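One structure below.
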Amino acid sequence: MSQADTDGFTIPAIHAICEFAPEEIVCYGIGTLRSPVSQWQLALILLLNSQNAPIHAFDPVATEDDAHILCHFGITPIVDNEMGKRQATKRTLFYMPHCEQFLYENTVSANWSSMLLGHTMIVGNHFSRYQEAQAEFAQQSPHIKHMLPHTTVVEMPHESTLGLRHCPYAFSDMCIQHM
């Protein structure tokens, strides 16, 4: 294993996801694959899928070409906009890089039971940053607010440590959150 694999990112992130052992991965919000940011985000989820779980993806800006590329990588495009409301009936990793706050709230709300939240892991924006930045956070995201104290967070590395000179914002402010 190289030094890069043992730095503060790879091992904790992969360990947390492997320990969770997702049976399904749902990607919301990776955008169109014409974007370098989206390409890096797609590459990361493919690398993190060490369990070879089925992957499903949706983004409202995705094109038919994007659907073909996703299928090439074994990812099933989600046809209808679920608005982030899919229930985690099995251990589900929701991969939601840079999604809007309401999508995170919808995902947490749709899984608002101890069984479903136990089946839910989210890779995406750090929920506590929303709370720190917004006075109206409790009104906009009541389920996330209630769940925050019970959430385990695995930090992702700061983008400056990743050396992505051509795409520096692909993973900014992302972390792994498990309820």
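The values are calculated or read from the model by the stated rules, or taken from the named source; none is laboratory data. Bear in mind the structure is a predicted one, so any value in this text is a computation, not a measurement. Here Cβ is always computed from backbone atoms with ideal geometry, including for glycine, and neighbour counts include all displayed protein chains. Accessible surface is based on the protein model in full, side chains and every heavy atom, while ligands, DNA and RNA are left aside. Shrake-Rupley method; radii C 1.70, N 1.55, O 1.52, S 1.80 Å.
Given the rule -39500 (n - 2.57) for each run of at least 4 DSSP H residues, summed and divided by the residues of the chain, what is its mean residue ellipticity at 222 nm, to the nearest 500 deg cm²/dmol?
-10000 deg cm²/dmol
Carbon and sulfur: what percent of the chain's accessible surface (1.4 Å probe)?
The value for the chain is 56 percent carbon and sulfur by accessible area.
Calculate the length of the line joining the C-alpha centroid of region 69-118 to that of region 18-36, in whole Å.
For region 69-118 versus region 18-36, the Cα centre distance is 9 Å.
Please turn the phi angles of region 46-57 into ³J(HN,Hα) values with the Karplus equation 6.51 cos²θ - 1.76 cosθ + 1.60 (θ = phi - 60°), one per residue in order, whole Hz, x for glycine and proline.
Listing the rounded values in order: 5, 5, 6, 7, 5, 8, 6, 6, x, 10, 10, 9 Hz.
Please work out whether the chain counts as rounded, prolate or oblate from its C-alpha gyration tensor, where a ≥ b ≥ c are the square roots of the eigenvalues and a/c under 1.5 means rounded, while otherwise a/b larger than b/c means prolate and anything else oblate?
It comes out rounded by the Cα gyration axes.
Pairs of Cα atoms under 8 Å, at least six residues apart: use those to get the relative contact order of the chain, whole percent.
Here the relative contact order equals 23 percent.
Give me, ordered by chain and number, the residues 5 or more places off residue 23 or on other chains with an amide H under 5 Å from its own placed amide H.
91, 92, 93
Quick check on packing: order 77-87, 20-30, 107-117 by the mean number of other C-beta atoms within 10 Å, highest mean leading.
In descending order of packing, they fall as 20-30, 107-117, 77-87.
Under a 1.4 Å probe, what is the accessible area of region 23-94 per residue, stated in Å²?
For region 23-94, the solvent-accessible area averages 52 Å² per residue.
So what J values fall out for region 59-76 if you push phi through Karplus, 6.51 cos²θ - 1.76 cosθ + 1.60 with θ = phi - 60°, rounded to Hz, Gly and Pro as x?
8, x, 8, 5, 9, 5, 4, 4, 4, 5, 5, 4, 4, 4, 8, x, 9, 8
Read phi for every residue in region 96-103 and hand back ³J(HN,Hα) as whole Hz from Karplus 6.51 cos²θ - 1.76 cosθ + 1.60, θ = phi - 60°, with x for Gly and Pro.
Along region 96-103, the couplings run 9, x, 6, 6, 5, 4, 4, 5 Hz.
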